[in-house]
Structures are given as C-alpha cells and as structure tokens.
Amino acid sequence: MLIDENSALSTESDVEQKILFPLLTGDGYLGIPVANVHTKEYLPPTPLDKAAGKTIGYYPDYSIWFHGLPVMIIEAKSPDVDPQIGYREASLYARHLNQKFPAGVNPCARIISSNGNRLLYGPWDAAPEIELSLSDLNVGTAGLENLQSRCFGHILDKSAIEISQRLQLINIVIPYDLLGGQAVLNAKRPLNTFAADLSPVLRRYFSSTPQENVHEIAEKAYISSNEVTEYDRVLESLLKERLSLRQTAIVKPLEPSRREEPNVAHAIASFDEQRPMTGQLQIVQGPVGAGKSLFARRYCDVLQDPDQAKRTRWAFIDFNTGAISNTLSPERWLYESFMQAFQSENPSLDVYSASAQRGIFSRNLQRRRSVYEELERVSPESAAVQRATDLAKWQDDPKEFTQGLATYILGSRHEVLVVVMDNVDRLDLNGQLTAFNIALSFMALTKCFVILQMRDETYERFKDKPPLDTYRSGITFHISPPRFIDVVKRRLELSLEYLTAHAAEVQRYTLESGMRISYPKSALGWFLGQLYLELFERRHNISRVLEALAGWDVRRALEMFVSVITSGHLSEESITSSVMGAKSIPIREHTVLKILMRTDYRFASDQSGYIINVFGFDKEWERPDNFLLVEALYYLTANRKKRGEIGLEGYFTCRHVANALQQFSYVPEDVLAALNHLLRKRLIVADHMNHTSVAFDDSVRILAAGFMHLRVLTERLEYLFGILPTVPIADRHVAQQIARVLEKEKLTGEVLATEKIRAVRHFLRYLWSLHASVRGRSVHAADEYSGADYVLKKIAACLANFYIKGIKGIASPDEEDVLDL
C-alpha cells in the first residue's frame, strides 16, 4: 500500500487509514508486520493531564508491539490540529507504559504524531527529532530514509529483543534437579499385586484397544439413551451437549433403547424399499469417543428387527489403522478394506464359490459373452481358460470386485448392504474430509447404504462448505456420549458376572512385607463395587475430576479407571484391611488425585499421568513465567460462551489469545508454545481436530479437563504438592526449601500433610513475589482480574483449609466462583 499525496484528508480517521497505517506497514516504508500493529481498542484508556487537552481516559491510535512489549506509540490528529498536541499525548502514554517496568527499562522508547500534513518523530522523553511533510514520506526521499533508520520494523524488533532479555527470569531451578535429575522422574512403583487377580477382567472389559469381545460389550454393556444420567451444574456447560439445528438439514438425536433404535431402522427400511440409484449416505455425528462405533456394532448385533437382520449384510471398515493417510490411493485402500470386512462379517457367504463368482461378475461375463461364444466354437477348452483368466483378473481388481459384490447383494440376492465407515472421527480434520469424499465415491460405485461417522465439530464447521455441502438436504443422526460413571458402572456389572463364573474360589497375593493373603473371590467383586461407590457416589469432587479429564472420550475414561485400580499408590495393606473385614475402602480424593497425576511413577511429571502442571513452562521459551499456562486456560474458560473468528462458541484463534495475553507482557510466540503444550496434553482442542500442533491462524477452545485443572485442582493440596518437582522456580532458596520436603518422600515413599503444607506455602510465597514483580508490566486496568489472581486465591484458600494464618486472598466458603458463572 502506497501513501497517496493527493488523498483528501479531513478527519483524524483519514489520517489514520490513508497516511499512518500505510506508513507503518508498507514494505517500502517502515515494514512493520500488520500483526504487530494494534489499534486504539487494544490498550485501556489512561487519564492524562489537562495540559494535554484531555480530562478523561486517553488511548493512542496505534501501538506497535514486538516480543510482548510496546515499543512505539502513534497518535493521529485531524489536519486542523497541531501534531504537537498528539506528540505530547503519545509521550505521556509512553511514559505511563514505561513506568510499569523496572527502572532503566523503557521499552516504549519511540513516538510518532501526525495530522496528515506534518509528521513528528522522537523519543518518548524528549522533543521531536524529525519533522516531515507529507511529500517527505515518498519512497526514496531522504526524509523517509531518516525515519526508517530510527524505527524500521527490524530495528524495533532488535530493540525489543534486547529489552526482553533483560526481563527474563534468571537462575531458574527445577526441584527435581536437586533430587537427582531425570532419573527421579523416571522411577516407578510396582503395580499393586491385588490387581493381578483382576487382570483378566480389566483386559476383557476395560481395555480401550479393539477387543475380541466387542460383540459382548455391544450386547451387554451399551448405555441406552434413557439410562444416561445428568451432569452437575459445574460441568454442565462443558460436557453436556447441545444440538445445532439448521433449516437446510435436520439433526436427529439417536435414541437407542434396550431393544431398538427407530431412526436408523426407518432409514435402512426406506433405503430397502426405494433402492435409490445413487445409494444412500447416513452421517452419524458426535464427539470423539462418544460411542459411535459401539452403537453401530450394537445396532448390527442387537437392535435390528429380526426380519430385517436376516436379509441385511454388514461390513465395518476401520479407518483408525492409519493406512488411509499412508497410501497414495485412498479409494483402492477402501475397496480392499471393504472386501476383507465383508468376508469377516459374512462368513456364511463364500464369495469365492463358483456360483457366487458367477453372480458377482455376471455383468462382466455378460459383456464378454460374444467372446466366449466365439471361442466355444473353436475350442471349448480355450473358452473355459479365458473365463477363468477374466475372473482372476476381476478378482485381483478391488474396485471391480467391490462393485460386483455390491450389485450381487443388492440385485441378484435382493438383500440390503450396509457399510459402516468406522472410527472416521478419530482422524484429524483433513482425514475426516478425505474420508467423506471417498465415502461418496464408494456409495456412487456400490449404490449401498453407507454409515459415515464424523465428529460433531467437523460437521458443524463444514456443513455449508465443500465437500459436506453436498449433503445439505440430508438428515444427520447425532449420538450423545454416555457419562463416565454410567460406562464404568455397566462394565463393573459385567466384571462381576465374569468373576462369579470364572475366578477361583480362593484368591491369594503377597504384600510388600512378604505376608501372603488369602481371601474368597467374592471379595474381588465387593472391592470393585466399593471402589465405584467411593469414586462416584460420595459427595466430593473426584467424580467431577475423572469425568472432566475423560471428557466425552469413553476409551480414555476406561484407561483412567484401570489406572486407579492397578496403581502402586493404592497400597495392598489398605486394600487388605477393607477386603478382610474393615468394610470400607480407605481410598480418598487425595489418593485418586495422586494416582491420576503419577499412575505408576513415584513422582508426577507431564509424562506420568492424566494431570499436568499448569505452573510449568519450557526454559527454552523466550520470556515465560509460572502464570503463562494459567492465563491461557483462564482466558479460554472465561470466554467459553463467546464466539470467536470461525463462528463457533468458545473457539478463538491462537493469534487472538496471544494478543490478549500480550497485554500481560507475554511474548506471542511463547503463548503459541503454551497453547501447543496444552493441546498435546488434551486441556484444549483445536479446530483442525488433531492434538499435534497449532499455528497462529488455528482456533482453539477450552476442554473440560482444562477447566477442571483451573477450577478444582489449583485448590487441592495433593495437586499443588504433586506438581512441585517439575515447577521451574526463579529463586534457588525456595527451590531448595521445596526439595528438602521432596527428598523425604523420595526416601520414605510418603510425607505427612503438614510437610506438604509447608512446601506449598513456600511455593505460594514465591508466586506472590513473582506476581508483584511481573504483573506490574500489564497494560490492563489496575482492577482487571487475571488468571494469576484467580489461582493465587485458590492456593490461599487451600492452605486456609488447614488453618494456616496470615495468607492473603482467601476466598469465603460461600463465595461464588467466577468461572462457574
């Protein structure tokens, strides 16, 4: 964009848009990236003195940011206003910003003021050094070159880097380094031996991998719609679903009962009656892990009308094998997978028998009839050889075989062919869209009834865009995920049946002390039942934590439950006391939190369990602190009901989040790195549906797991103590105080609650000190509530529960939590 000397300038807005913005961002001018230029809405208003002509809040027209620092203020005035007035205002605002930083550190060192006719440039604390007319800003003029030498984009960037380095936290110590380094985090505890007797049951009913007994799970452990219980108020907004309806398509919830599901039954019956020449595509959408695959299997095995089932052939094609992304021909992979899946589901139909081959390739044989007849006149043997050669060729062509088999089933046999595109929702966004395209191609070839599983977010985002817009008039079925506790309860019921039928009457295991314990097999079932009651029926937050960490993903929920049962942090002695007569299981919230954080590791780290350290950061990031992850989670949580750039509730681009956190003096690239970390740890989700990485233009939203980390875990002593080994601390003395307590746990395997309190209190005091030193740089208004304020209040409340006096910021027990609103 070039500056036009002949532009009509009559207002301040004209000066901003026609002169200053092109000057700032144009390649031939100051070359500042557009992302680094922020308008007046970005900064809060600040009172200036009356001599500047302002008696109320003032904010500059543009501010330039590099590395999370404001480096230049630009003020525009209308052509009839002296730019000296704007220069004075910009100078005062720059002074206001610089006062937030340590003495001698003045990132906002440059200011520009212009009324369109004259431009003034200079340092924030002195008179203008350069005065230029509009003609002086033409490319190649000495005036512009002089200005470029002072504030070209790369010069501002270099200046910001130097200041950023001066503001970095120094002398960072991570407590586990004082205990022996990475080997401490790698150390594991053995699994509790009591759980060894449960291993067959756990593998059979709680494994998240594909199972041989999937038919048994579908028949006996499926949660019907009328059996799903309700979430509580805290998790309602993050875990309970809300269907999105539109005029051009209908979204119908699936309502499977114990014996039927009328919507799917009607769709397949209509297909059977009408036999559309194009086939039929049926989308089933819902969250990942919601049970779409299990529903399809249950419908096939249990819910079909018996008469319909007799004349319906099924095939389940698993898209979770990774093959679709590793092949040059997804269509060929689909045809080959269909043939394998069909034979697996329909072993009674031998597709390679002579009669079946004649039916499958009847269309091909008919086209070649004249050739065979001619050969028959010459040599019957030659005709037979040619038929066999042709059949072999068609068999080797998966597309030809697929088309022929579908025609044979739907035509000659007059049966129904249903093909389920299974686990499509586990692919990333591009994979899901690819699967949709090849499903359409497959449907067009086979004319069959195709069930395609898709994530609800993918469907909502792309339903009006290619390729999903081709399905604009279709009816989409939606499946709601069952709750964690409903799934676990049903699997436990199956487990008890299995134990009754298969377990030995007397069970034996050995304690760490060497004592051998014998107990009746009924104690195993009693233990599982009591464990369920303790985790899900007692009135405490642990069930919320478990459900939030699992989200809608049933597979992850089952993995977590197994971790609790088998963990070495659940001691055999305490289990023994319960199964041998104590009649209660001494497993409490803090024990479950420890297990979820550590699983079978002695100490917690971000690789050890399902819970992460929200006060951590990577020392390789440019200028992080212990509140960066917290602020990212807090922003996404506080704004979860708003719509971001892509129009979906709770989704904001990473650039949007980075700009918001830049006002706390965070470097945008550090914010992006933090969002990537949270994404990989499943605390947030990206619009592209994978958990690998996000860029500035990608959108993210908070997950229930992220909400629970912020809302509940930051006021739990076990969590606050458990994260301490991996918290980077810019105070060696504090790190050493914490390490002394951790050393006791390393040696003895446990520490008293009073010791944990002492370590967390050291941590809190460090965080208060850090907050006082780094949060003064925030450009937010003084009363702006932040994620740091929120978690500090939470930690203080945690310690207050243990009667620690003199802790600042303690919340009232009856006070409404801001994140619940």
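The values are calculated or read from the model by the stated rules, or taken from the named source; none is laboratory data. Model, not experiment: these values are computed from the prediction. Every residue, glycine as well, gets a Cβ built from its backbone with ideal geometry; the counts of neighbours run over all protein chains shown. Please note that ligands, DNA and RNA were not included when accessible areas were found on the heavy atoms of the full protein model with its side chains. Shrake-Rupley method; radii C 1.70, N 1.55, O 1.52, S 1.80 Å.
Is at least one residue of the range 70-78 among the basic types (Lys, Arg) and open to solvent by 40 Å² or more (accessible area, probe 1.4 Å)? Break it down into steps so the answer makes sense when it comes.
Kept after step one, since they are among the basic types (Lys, Arg), are these residues of the range 70-78: 77.
From the residues that got through so far, the ones that are open to solvent by 40 Å² or more (accessible area, probe 1.4 Å) too are none.
There is no residue in the range 70-78 that is among the basic types (Lys, Arg) and open to solvent by 40 Å² or more (accessible area, probe 1.4 Å).
Do we find that Leu629 is free of Cβ contacts under 8 Å to residues at least 60 places away in the same chain, assigned to a helix (DSSP H, G or I) and open to solvent by less than 20 Å² (accessible area, probe 1.4 Å) in this structure?
So Leu629 fits the description; yes.
Across the range 340-358, what is the number of residues that are of a type in the set (Gly, Ala, Ser) and within 15 Å of Ala406 (Cα to Cα)?
Taking the range 340-358 as the starting set, the residues that turn out to be of a type in the set (Gly, Ala, Ser) are 341, 344, 348, 353-356.
Those still in the list that are within 15 Å of Ala406 (Cα to Cα) too: 341, 356.
The number of residues fulfilling the criteria is 2.
Take the residues of the range 735-752 that are closer than 25 Å to Leu770 by Cα and polar (S, T, N, Q): which is surrounded by the most Cβ atoms within 10 Å (Cβ to Cβ)?
Gln737
Against the definition (among the β-branched types (Val, Ile, Thr), open to solvent by less than 30 Å² (accessible area, probe 1.4 Å) and in contact with a Pro (Cβ under 9 Å, 6 or more places away or on another chain)), how does Val201 come out, yes or no?
No; evaluated as a whole, the condition is false for this residue.
Does the range 654-673 contain any residue that is closer than 22 Å to Phe763 by Cα and open to solvent by 10 Å² or more (accessible area, probe 1.4 Å)?
Scanning the range 654-673, I find at least one residue that is closer than 22 Å to Phe763 by Cα and open to solvent by 10 Å² or more (accessible area, probe 1.4 Å), so the answer is yes.
Please tell me if Asn423 is of a type in the set (S, T, N, Q) and either under 29 Å from Phe462 (Cβ atoms) or buried (at least 18 other Cβ atoms within 10 Å of the Cβ) (or both).
So Asn423 fits the description; yes.
Conditions tested, residue by residue: (1) free of Cβ contacts under 8 Å to residues at least 12 places away in the same chain; (2) open to solvent by 70 Å² or more (accessible area, probe 1.4 Å); (3) not in a helix (DSSP H, G or I).
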{"site": "Asp350", "(1), (2), (3)": "yes, yes, yes"}
{"site": "Glu381", "(1), (2), (3)": "yes, yes, no"}
{"site": "Ala392", "(1), (2), (3)": "yes, no, no"}
{"site": "Ala406", "(1), (2), (3)": "no, no, no"}
{"site": "Val419", "(1), (2), (3)": "no, no, yes"}
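Need a quick list: strands (runs of 3 or more DSSP E) entirely within the range 215-330 having at least 3 residues that are closer than 27 Å to Leu546 by Cα and at pLDDT 80 or above.
280-286
Just one of Gly776, Gly809 is within 19 Å of Ala632 (Cα to Cα) and either crowded, with 19+ Cβ neighbours inside 10 Å or at pLDDT below 75 (or both); which is it?
Gly776
Starting from the range 126-155, take each residue that is without any contact (Cβ under 8 Å) to a residue 60 or more places away in the chain and list its partners that are assigned to a helix (DSSP H, G or I) and open to solvent by less than 40 Å² (accessible area, probe 1.4 Å), counting only C-beta distances under 7 angstrom and pairs at least six apart or across chains.
Pairs that qualify, where the first residue is without any contact (Cβ under 8 Å) to a residue 60 or more places away in the chain and the partner is assigned to a helix (DSSP H, G or I) and open to solvent by less than 40 Å² (accessible area, probe 1.4 Å), are Pro128/Tyr87; Ile130/Leu147; Leu132/Gly143; Leu132/Leu147; Asp136/Gly143; Asp136/Leu144; Gly143/Leu137.
Quickly run through the range 593-618 and pick out the residues that are open to solvent by less than 10 Å² (accessible area, probe 1.4 Å), in a helix (DSSP H, G or I) and either within 17 Å of Thr714 (Cβ to Cβ) or of a type in the set (Ser, Thr, Tyr) (or both).
Listed by number, the residues that qualify are Leu593, Leu596, Met597.
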